[in-house]
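Step one of this worksheet: look at the structure below.
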Amino acid sequence: MDQGTTPPAPDPAPYRGPGAGSRLTRRKPVERLITESGKGEGGALRRSLGVWQLTSISIGATLGTGIFVVLGEAVPEAGPAVIAAFVVAGFTALFSALSYAELAGTIPVAGSSYSYTYATMGELTAWVIGWCLILEYGVSVAAVAVGWGQYLNELLDGTIGVTLPDALSAPPGDGGVVNLPALVVVLLAMVLLLGGARESATANAVMVVVKISALLMFCAVAVTGVRAGNYAPFMPLGVAGVNVAAATLFFSYIGFDAASTAGEEARNPRRDLPRAIILSLVIVTVLYCLVAAVAVGAMPWQDFTGSEAALAGIMEEVTGHAVWSVLLALGAVVAIASVVLAVLYGQTRILFSMARDGLIPAVFSRVHQRTGVPRANTLIVSAFCGLLAALIPLGRLADATSIGTLFAFALVNVSVVILRRTHPRATRGFRVPLSPLLPALGFAFCVWTMTGLDAVTWTVFGLWLVGGLVIYFTYGIHHSRLGRPHEEAR
């Protein structure tokens, strides 16, 4: 076997199997997770991705709507202290990123935190995490696609003087009938994914270069309009405002874990997955803080209210020429399309793992022999996300995504500590320093950030969890492969 697929060394007291406890707490042995890596119904995923492609997947899934669109929603909540809010959200993500890096290097499979919790906390917890990941990935694809439509209108207006009517560019509730551009970008991403993991990763890498260049261009141009007075008072809405803004901006960091969903398509996952996760988060955090600092310095924070394409507006105001805002809008269109592509990829791979375990229908784990892609999975997920993007407003989608992600991240930090105890001698490509202190801080930051979300978001999250539990107890628990005697012997 290659370095990426070598099972962990057996421990002195290995896990005795799901029969040792209730069905709800049965755990999937780490060795079995590794053994099943890459295998699906009728075919197998292909190991074709290197460290830079994996890093691009995480950057592609992260860097986009958060800075291009959600910034306009967060600045009115914190004022110039939105810079501090980005730092707080970044620290929340950092501690969890370290835990993800260790787990991805220890259990390099496609299921991300779903698989990690299956090995450490049991099936019910794994299902809840998988259900939260559907919220994180599936719903965020829709939220990001909505932002793409907003910048597409900016681009069309600046180039040919035409904008799509609200009826075709906004969902019901935002003055429209259907958000057609949001649906289109999801379908375009679907076409790229159907071509194969390596092909779609290459396309994503090109788009990542374009969007980083666009943000650096914004900073270079907009810095000429920075006024010191725009930073005072720095924290007009107090610490509470920073907390609320950090909860909103955490949406901007969702996606750094996307590389972990490529664990079964990475050439050397134990080495490359931890590097990709940490490197992508560092690059994204630096860019976010830089762009936020320039943006609030170039435009009074009160003027951000209702500005969904804030960066493009700043460019035009600072320079007095529409050409710069058009160039930024072009970069944003490419940037946000990259997020849709990378996040949609992650969602399909998580569902692939859940289906392989029997918790959802087997169609999601069926791999096309020629392309090595879970084709039916990709088609179904794209249709679902496309409909959400076309019919649901952005703000509610972003908040719902954040709470699901924070919940999953909190339990990933717990999983690191548990796996250290149950598999102390497992091969690890990376180890979280100062464990269990840093994982504990990661857990605490996630919980604290969740308190900044409003009651409506918590209600939606609660209803989502209830719906997920209904599906698990009516389908998943009865079809779980871990619960079948002949599967236990494998």
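Residues that are outside any loop (DSSP other than H, G, I, E, B), within 11 Å of residue 338 (Cβ to Cβ) and either modelled with pLDDT under 85 or among the basic types (Lys, Arg) (or both) do occur in region 191-200. Inspect all residues belonging to region 268-290 and state whether any of them is farther than 27 Å from residue 163 by Cα, surrounded by fewer than 20 Cβ atoms within 10 Å (Cβ to Cβ), at pLDDT 85 or above and in contact with a Phe, Trp or Tyr (Cβ under 6 Å, 6 or more places away or on another chain). Yes: one or more hits.
Which of the residues that make up region 36-70 are part of a helix (DSSP H, G or I) and either among the acidic types (Asp, Glu) or at pLDDT below 80 (or both)? Matches in region 36-70: 65, 66, 67, 68, 69, 70.
Within region 339-346, does at least one residue satisfy the condition of being assigned to a helix (DSSP H, G or I), touching a Leu at 6+ places or on another chain (Cβ under 7 Å), closer than 30 Å to residue 473 by Cα and at pLDDT 85 or above? Yes, there is a match, as at least one residue in region 339-346 is assigned to a helix (DSSP H, G or I), touching a Leu at 6+ places or on another chain (Cβ under 7 Å), closer than 30 Å to residue 473 by Cα and at pLDDT 85 or above. Say whether the condition of being of a type outside the set (A, V, I, L, M), free of Cβ contacts under 8 Å to residues at least 40 places away in the same chain and in a loop (DSSP other than H, G, I, E, B) is met by at least one residue in region 155-163. Looking through region 155-163, at least one residue is of a type outside the set (A, V, I, L, M), free of Cβ contacts under 8 Å to residues at least 40 places away in the same chain and in a loop (DSSP other than H, G, I, E, B). Residues in region 304-348 that are over 29 Å from residue 187 (Cβ atoms) and of a type in the set (A, V, I, L, M, F, W, C) were compared, and the one that is surrounded by the fewest Cβ atoms within 10 Å (Cβ to Cβ) is 323.
The values are calculated or read from the model by the stated rules, or taken from the named source; none is laboratory data. Fair warning: this is a prediction, and the values are worked out from it, not measured in the lab. For neighbour counting, all protein chains shown are included, and Cβ atoms are generated from backbone atoms with ideal geometry for every residue, glycine included.
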